[in-house]
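K.L.:
Mind looking over this structure? Questions follow.
The values are calculated or read from the model by the stated rules, or taken from the named source; none is laboratory data. What you see is a predicted model, and the numbers here were worked out from it, not measured in a lab. Quick reminder, even Gly has a Cβ in these numbers, built from the backbone with ideal geometry, and neighbours come from all protein chains shown.
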Amino acid sequence: MRLVQIGVSAVSVKVGAFGENRRRLTGAVEEAQQRGVHLLVTPELAISGYSLEDRIWWPDIAQRSWDSLCELAEACAGITVTVGLPVRHQSLMYNAVALIHDRRICGLVLKKRLPTYSIFYEGRNWTPWTNGVTEINSVPAGDLVFRLPYGVVSAEICEDLWAADSPGYARALAGAEIICNSSASPFSPRKNEHRRRIVKVAAQHLACVYAYANLLGCDSSRLVFAGGGFIATPDGVVTEGTTLEKSAWTLATGVVDLDDIARARAENSTWREGAVQHQNGDVPRIVEVPGDAPAPASLETYVAQMPRSFFDAPPRSTRDQSVAYLDELFDALVLGLRDYFEKVGIFERFLVALSGGRDSALCLLMAVEAAKWLNGGKDRERYAERVSAVYLPNKAYSSSATEDAARSVAEELGVPFQVVSIAEEAGVALEKAAELAGGEANVTPLARQNLQARVRGNMMLNWANNAGGLLLVTSNLSEAAVGYTTTGGDNQGGYSPISNVPKTVISRLLEHIAQRDGIASLRKVLDIPPSAELAPGQHDEDDLMPYVILDDLLFLFAKRRMSLPDCWRVLCHRHPDGDREQLRAWTTRFGKLFVANQWKRDQHPVTMKVMDLDLDPKTGFRFPVTQCIDDELADLAAATLEQFK
């Protein structure tokens, strides 16, 4: 047996923080050395931080990254480490992973597949590596396979794994027994299960050990990474790292037998044919890495990883998948919010304007949990010093029920709470609006409503200035889709943590957290119909449509890219008890509002992405501000269900 111990480390990094990123990577390396790890895999661009975006064009980035890599290499005595960084070659920028062995930088594997879909725009900044080998900073770079004292190792970077023609295949056929993947794959609920399947299939398809390491925490602003990581063999996943941890880095290790890889390849006729054919093609260069063979990994650890029975199916988890989904989502929201707060580094506390409604209640729950994890959780008991909440009523429009709900949630969570009336300021705003309009009778109902939201927004921004606070915008994805926000009002602030979460999911989250954590006050919030409380008796679903319909339309139109007539047809079958003409009217209203409000989405504050559907125009949704859908609306008006019967 050739027993090799592999580690996969998830690391939280910050763009341009070369010293801190290196210290975190060094911490992971040192723990791996203490555990006897032979090979440690770390995430994509962990040296420089991810995502660099246009920062990559500053000439110091590549040089500082290389200098930091050289310093990290000095800490890698007796261990092999793969780590991601940007490199410059002939004026072009490449996304690279360096392989360090026993303090020596042995070479660079360059990324070949650059995603330019969804939230990814890598083709703007990076150059894809085609084939062959060059030299960068006096080390080989390109398509490389490393023959190390304990086995043959190569690498690929994030999207390379997801591509139909993964470069790992050629590297495995060239002899690589272990493929290391350094990734920056963003979070969405249950996506880690998909990654597990992809890694498992890659290990089977390539007849290799596949070691996958992912980033952890918030990136430069919007993306959240779950961390985790996998070590898989053709027989299945050996080790899986924990996800959504609040620490600066994590490490998971496992022991593999490379003799088993050699046996699997020798016995597989298809593999042998592929290897022979590959010899006539473009073969990666083999880099010989000298050194003494290390002591083998622990046989006891290797045996302990084996299943209880080699023949019985493993026991299935009984955990409800919907519960797991909601727990993951909340943990990701908290992790992203905590990381953004700390990585910006200028805030003293979280500020939340409580309305007594669901969105602001969820934001307060997130802020409280994020505050408990500031500074690595060392000041957990003093979390209330880092969170403040306020309720801003306006006479008859704000009900006693919402004030009671807001106060009850704040008190049960143990955070400072105050009530500050906006009645006087709203009165002044109305007077000035009347002056501009030529009389109060000329102030439209919509303007009357919005001026209250703008008074609140102005007061909160001023409070944030005074308190050194991160003001949380409490708008959700459903509202952003149809422009149900006030520009200069409730969509103003420092960070928008839930504007990627639909209203129906927010309600489910609150129901779940209320039950899971025993927060009785959330019941008061959930018992109140959603309302902006900007007019007497106002209810959101009366203004718009039922949120379950709105969210269905949002997914079908924006995510699935269905036409409006097809959206209506699907609604008719998803909601068979609904009136078909009412569903058609709601579909028409949704289409008009969605298209007309891209300008608002363009102005929305920085938003955390946690769902597959992303309406942030700066990341995943490039939608025209001005466009016409009259033809599609006409098709919707004439649509029938007959052709699909």
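K.L.:
Given the conditions (1) among the charged types (D, E, K, R); (2) touching a residue at least 60 places away in the same chain (Cβ under 8 Å); (3) touching a Leu at 6+ places or on another chain (Cβ under 7 Å), which single one is not true for Lys559?
P.N.:
Checking Lys559 against (1) among the charged types (D, E, K, R); (2) touching a residue at least 60 places away in the same chain (Cβ under 8 Å); (3) touching a Leu at 6+ places or on another chain (Cβ under 7 Å), the one that fails is (2).
K.L.:
Can you pull out every residue in the range 59-83 that is outside any helix (DSSP H, G or I) and within 28 Å of the chain's Cα centre (by Cα)?
P.N.:
Val81, Thr82, Val83
K.L.:
I would also like to ask the following. Would you confirm, using the coordinates I've provided, whether Ala155 is part of a helix (DSSP H, G or I) and surrounded by 24 or more Cβ atoms within 10 Å (Cβ to Cβ)?
P.N.:
Numbers: part of a helix (DSSP H, G or I): no; surrounded by 24 or more Cβ atoms within 10 Å (Cβ to Cβ): yes.
Against the criterion (part of a helix (DSSP H, G or I) and surrounded by 24 or more Cβ atoms within 10 Å (Cβ to Cβ)), Ala155 does not qualify.
K.L.:
Kindly establish whether Val409 is farther than 17 Å from Phe350 by Cβ and of a type in the set (Val, Ile, Thr).
P.N.:
No: the conditions fail for Val409.
K.L.:
Quick one: would you say Ser48 is more than 30 Å from Asp292 (Cα to Cα) and at pLDDT below 95?
P.N.:
No.
K.L.:
Next question. Search the range 453-465 for residues that are under 21 Å from Glu348 (Cα atoms) and pair each with any residue that is buried (at least 22 other Cβ atoms within 10 Å of the Cβ) and hydroxyl-bearing (Ser, Thr, Tyr) when their beta-carbon atoms are under 8 Å apart and the residues are at least 6 apart or on different chains.
P.N.:
What qualifies is Gly457/Thr486.
K.L.:
Shifting gears a bit: Do we find a residue being within 16 Å of Ala361 (Cα to Cα), among the aliphatic types (A, V, I, L, M), in a loop (DSSP other than H, G, I, E, B) and in the same structural domain as Leu526 (by TED's automatic domain parsing) anywhere in the range 386-398?
P.N.:
So far as the range 386-398 goes, yes, one or more of its residues are within 16 Å of Ala361 (Cα to Cα), among the aliphatic types (A, V, I, L, M), in a loop (DSSP other than H, G, I, E, B) and in the same structural domain as Leu526 (by TED's automatic domain parsing).
K.L.:
Looking at the range 469-491, which of the residues that are outside any loop (DSSP other than H, G, I, E, B) and in contact with a strand residue (DSSP E or B) (Cβ under 7 Å, 6 or more places away or on another chain) is farthest from Phe557 (Cα to Cα)?
P.N.:
Per the stated criteria, the residue is Gly469.
K.L.:
Related question: Among the residues in the range 502-509, are any part of a helix (DSSP H, G or I), in the same structural domain as Met608 (by TED's automatic domain parsing), farther than 18 Å from Ala480 by Cα and not basic (Lys, Arg)?
P.N.:
Yes: one or more hits.
This table checks each residue for (1) in contact with a Phe, Trp or Tyr (Cβ under 9 Å, 6 or more places away or on another chain); (2) surrounded by 12 or more Cβ atoms within 10 Å (Cβ to Cβ); (3) modelled with pLDDT of 95 or more.
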site: Thr301; (1), (2), (3): no, yes, no
site: Leu335; (1), (2), (3): yes, yes, yes
site: Leu374; (1), (2), (3): yes, yes, yes
site: Val387; (1), (2), (3): yes, yes, yes
site: Asp404; (1), (2), (3): no, yes, yes
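K.L.:
Then there is this: In this structure, does Ala596 turn out to be of a type in the set (Gly, Ala, Ser), farther than 19 Å from Ala634 by Cβ, assigned by TED's automatic domain parsing to the domain that holds Val482 and touching a residue at least 12 places away in the same chain (Cβ under 8 Å)? Before the answer, list the steps.
P.N.:
On the way: of a type in the set (Gly, Ala, Ser): yes; farther than 19 Å from Ala634 by Cβ: no; assigned by TED's automatic domain parsing to the domain that holds Val482: yes; touching a residue at least 12 places away in the same chain (Cβ under 8 Å): yes.
Against the criterion (of a type in the set (Gly, Ala, Ser), farther than 19 Å from Ala634 by Cβ, assigned by TED's automatic domain parsing to the domain that holds Val482 and touching a residue at least 12 places away in the same chain (Cβ under 8 Å)), Ala596 does not qualify.
K.L.:
Where in the range 185-290 are the strands (runs of 3 or more DSSP E), entirely inside, with at least 1 residues that are assigned by TED's automatic domain parsing to the domain that holds Pro167, farther than 29 Å from Gly16 by Cα and not aromatic (Phe, Trp, Tyr)?
P.N.:
Working: elements: 209-214, 216-218, 224-226, 229-233, 236-240, 249-257, 285-288.
Passing ranges, in order: 209-214, 229-233, 236-240, 249-257, 285-288.
K.L.:
Additional query: What is the residue count in the range 107-141 for residues that are touching a Phe, Trp or Tyr at 6+ places or on another chain (Cβ under 6 Å) and part of a strand (DSSP E or B)?
P.N.:
Residues meeting the conditions: 1.
K.L.:
Separate question: Just one of Ser360, Ser355 is of a type in the set (S, T, N, Q) and under 18 Å from Asn500 (Cα atoms); which is it?
P.N.:
Selected residue: Ser360, the only one of Ser360, Ser355 that is of a type in the set (S, T, N, Q) and under 18 Å from Asn500 (Cα atoms).
K.L.:
Quick one: Asp143 ticks every box in (1) in contact with a Lys or Arg (Cβ under 8 Å, 6 or more places away or on another chain); (2) free of Cβ contacts under 8 Å to residues at least 60 places away in the same chain; (3) not β-branched (Val, Ile, Thr) except a single one, so which number is it?
P.N.:
That leaves (2) as the condition not met.
K.L.:
Looking at the range 613-630, which of its residues are more than 16 Å from Gly483 (Cα to Cα) and either surrounded by 15 or more Cβ atoms within 10 Å (Cβ to Cβ) or over 36 Å from the mean Cα position of the chain (by Cα) (or both)?
P.N.:
Selection gives Leu613, Lys618, Thr619, Gly620, Ile629.
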